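Please read the structure below before turning to the comments.
The values are calculated or read from the model by the stated rules, or taken from the named source; none is laboratory data. As the structure is a computational prediction, the values presented were derived from the model and not from experiment. Quick reminder, even Gly has a Cβ in these numbers, built from the backbone with ideal geometry, and neighbours come from all protein chains shown. Quick note on the areas: whole protein, heavy atoms, side chains included, nothing else; ligands and nucleic acids left out. Shrake-Rupley method; radii C 1.70, N 1.55, O 1.52, S 1.80 Å.
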Amino acid sequence: TVKKTDLTGSVANVKMSDIKDVPVVSVDQALQGRIAGADIMATTGEPGATTSIRIRGTRSISASNEPLIIVDGVIDGIHDLNDINSSDIESISVLKDASASIYGSKAANGVILITTKQAKKGAPVVKLSANFGIQSATYVPDVVTDPIQYMNMRNQAELNEGKLTVTYNRDDILEYEEGMKHDKYIYPASDWYDLCYQNGFLQQYNARVSGGTDKISY
């Protein structure tokens with residue numbers, strides 16, 4: 001415990017009540033763009049993939065640059081923010097520099113302090129929450145699905161590069177049979193982005209029961 005007047009360095013505090021309505025599936029996604037000096041980036045595009053957290057930049061070339069995560073005073077209680085449900089978190093504090101030194105060398109990359117929700121004395125309290133969201137590609141390139149148009153654009157691009165001859169001609173694109181032209185393309189004309197991408201749906205449901213007496217809490 002440190003008085004705020006004696007604290008040296010920067011500490012960022014995030015209350016989960018401020019981001020409770022954000023439709024995300026993990027804590028790290030909810031923190032993106034909310035902590036100055038902390039870069040939170042997805043490692044891959046795979047659903048549920050872990051994120052890379054950098055507090056005030058990269059400090060080492062060969063060693064780990066991930067911050068130390070402490071949950072209710074337990075060091076290394078979790079190894080990734082995906083390991084904890086965002087609905088169980090009361091607040092998050094991020095120690096960025098000298099204020100993290102009390103945790104030793106493990107805190108060289110910063111410290112993320114997580115405080116979970118605690119039971120309060122009184123009658124049982126039941127809380128339910130439900131989130132639903134849709135994920136879609138934010139940018140999909142425009143694809144030329146007409147082979148003849150693609151041929152013309154490709155040939156023009158090669159001419160612009162200084163080539164004297166072009167690669168494709170109409171006979172390479174269309175199929176001929178017995179001197180009669182058929183509207184059948186030798187090469188498939190498919191918009192693979194349209195065929196492969198589809199909207200993704202996010203669903204998250206949480207139920208929480210808490211309460212307590214003078215002797216016990218749950």
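Residues that are closer than 30 Å to GLY211 by Cα and not hydroxyl-bearing (Ser, Thr, Tyr): list the strands (runs of 3 or more DSSP E) wholly contained in the stretch 49-125 that include at least 1 such residues.
68-71, 89-95, 111-116
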## Note on the structure
Picking from ALA38, ALA12, ALA42, the residue that is modelled with pLDDT of 70 or more and more than 18 Å from ASP97 (Cβ to Cβ) would be ALA42
### Query
List the pairs whose first member sits in the stretch 113-142 and is at positive phi, whose second member is open to solvent by 70 Å² or more (accessible area, probe 1.4 Å) and in a loop (DSSP other than H, G, I, E, B), and whose Cβ atoms are under 9 Å apart, counting only residues at least 6 apart or on separate chains?
GLY122/THR213
### Task
May I ask you to verify whether LYS3 is modelled with pLDDT under 75, surrounded by 10 or more Cβ atoms within 10 Å (Cβ to Cβ) and either under 23 Å from PHE201 (Cα atoms) or among the basic types (Lys, Arg) (or both)?
no
### Query
Out of all the residues in the stretch 157-164, is one or more exposed (fewer than 11 other Cβ atoms within 10 Å of the Cβ) and among the hydrophobic types (A, V, I, L, M, F, W, C)?
yes
### Message
Pull out all pairs, ordered by first then second residue, where Cβ-Cβ is under 7 Å, the residues are six or more apart or on different chains, the first lies in the stretch 35-59 and is at positive phi, and the second is of a type in the set (Lys, Arg) and surrounded by 10 or more Cβ atoms within 10 Å (Cβ to Cβ).
### Response
GLY37/ARG56; GLY37/LYS96; ARG56/LYS96
